[in-house]
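For reference, the structure is listed below as structure tokens.
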Amino acid sequence: MSESVKIHVENLTKKYGDLLVLDDISFRIQKGEFVCVVGPTGCGKTTFLNLLSCLIEPTHGRILIDGIPADPKKHDIAFVFQEPSSFPWLTVKGNIGFGMRMKGWPREKREKRENEILKLMGLEKFAESYPGQLSVSTEQRMVIGRAFAMHPDLLLMDEPYGQMDVKMRFYLEDEVIRLWKETGTTVIFITHNIEEAIYLAQKVLILTNKPAKIKEQLSIDLPHPRNVSDAEFIRMRKYVTEQIKWW
């Protein structure tokens, strides 16, 4: 396997009794690649995410990280969910450093990384604030920073901007692109928003209706930051929209 392959999903299949949800999915993701996953409502995106995160076991197939089976005990797999998932009793700085403390990072190394993330996310003035004192978007920035802080092997993002208005969504999308470029983390971003997928991703995985297969792997060769009114952006958005129609 190529050294540049970070994630290798091979013949991934999931059944619940007689219900086939995911059907023989295979793909590879390069180190540091930003991949978005889209598909029809109810196609199995949540099951797909739970398998990648090792929360559930596949019926068949396997997920490799750096050539070995994905294992939360061996790999750092981080999450950002739709609802902010902060620890209300910890400050912003404490939230960002939580995973590093759990992993036993030395204090000096941890504090250096905490300060780097605070600066990258524009959260320095909120370092000693608590989540309850923050706006929803600022809290989500903190959660995103916490996820990136440990240079995870795989960062899974499940519609993290779903509850936000368009202006705030674009702002946070730009933030996550900037942080991704700074850290080089491998990201899989689940979304139902096709425009968001085209705006963010280097590659889009288009799932079929249930039982889900990969209908297409589409490369998005547009520079960041992307212009949503650009002709090629609009063409790609329309193309993906057509691909996920199943009725």
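The values are calculated or read from the model by the stated rules, or taken from the named source; none is laboratory data. What you are looking at is a predicted structure, and each value in this text was computed from that prediction instead of being measured. When we count neighbours, we look across all protein chains shown, and the Cβ atoms used for this are built from the backbone with ideal geometry, even at glycine.
Points to keep in mind about this one:
- Of all residues assigned to the range 158-176, at least one qualifies as being assigned by TED's automatic domain parsing to the domain that holds residue 224, among the basic types (Lys, Arg) and within 16 Å of the chain's Cα centre (by Cα).
- Taking the range 143-165 as the range and being in a loop (DSSP other than H, G, I, E, B) and touching a residue at least 24 places away in the same chain (Cβ under 8 Å) as the test, the residues that pass are 150, 151, 152, 153, 159, 160, 161, 162, 163, 164.
- Unmet criterion (only one of (1) of a type outside the set (A, V, I, L, M); (2) more than 25 Å from residue 212 (Cβ to Cβ); (3) within 18 Å of the chain's Cα centre (by Cα)) for residue 45: (2)
- Unmet requirement for residue 71, which otherwise passes all of (1) in the same structural domain as residue 165 (by TED's automatic domain parsing); (2) more than 17 Å from residue 6 (Cβ to Cβ): (2)
- Single residue of 49, 55 found to be outside the structural domain of residue 135 (by TED's automatic domain parsing) and either buried (at least 18 other Cβ atoms within 10 Å of the Cβ) or touching a helix residue (DSSP H, G or I) at 6+ places or on another chain (Cβ under 6 Å) (or both): 49
- Residue identified as outside the structural domain of residue 92 (by TED's automatic domain parsing) and closer than 20 Å to residue 34 by Cα among 144, 190: 190
- The residues of the range 40-56 that are of a type in the set (A, V, I, L, M, F, W, C) and either outside any helix (DSSP H, G or I) or in contact (Cβ under 8 Å) with a residue 40 or more places away in the chain (or both), listed by number, are 43, 48, 49, 52, 54, 55, 56.
- Per-region count, the range 212-247, residues in a helix (DSSP H, G or I), surrounded by 13 or more Cβ atoms within 10 Å (Cβ to Cβ) and among the charged types (D, E, K, R): 2
- Matching entry among 91, 13, 59 (being in contact with a His (Cβ under 9 Å, 6 or more places away or on another chain) and free of Cβ contacts under 8 Å to residues at least 60 places away in the same chain): 13
- Candidates 128, 139, 111 - the one that is part of a loop (DSSP other than H, G, I, E, B) and either surrounded by fewer than 18 Cβ atoms within 10 Å (Cβ to Cβ) or not assigned by TED's automatic domain parsing to the domain that holds residue 228 (or both): 128
- Qualifying position, being within 27 Å of residue 150 (Cβ to Cβ) and either at pLDDT below 95 or of a type in the set (A, V, I, L, M) (or both), among 208, 183: 183
- The range 166-211, residues that are assigned to a helix (DSSP H, G or I) and aromatic (Phe, Trp, Tyr): 170, 171, 180, 199
- Residue match in the range 142-155 (condition: touching a Gly at 6+ places or on another chain (Cβ under 7 Å), buried (at least 17 other Cβ atoms within 10 Å of the Cβ) and either at pLDDT 90 or above or on the phi > 0 side of the Ramachandran plot (or both)): yes
- Qualifying positions in the range 62-85 - touching a residue at least 60 places away in the same chain (Cβ under 8 Å) and either under 19 Å from residue 144 (Cα atoms) or not in a strand (DSSP E or B) (or both): 66, 67, 70, 75, 76, 77, 78, 79, 80, 81, 82, 83
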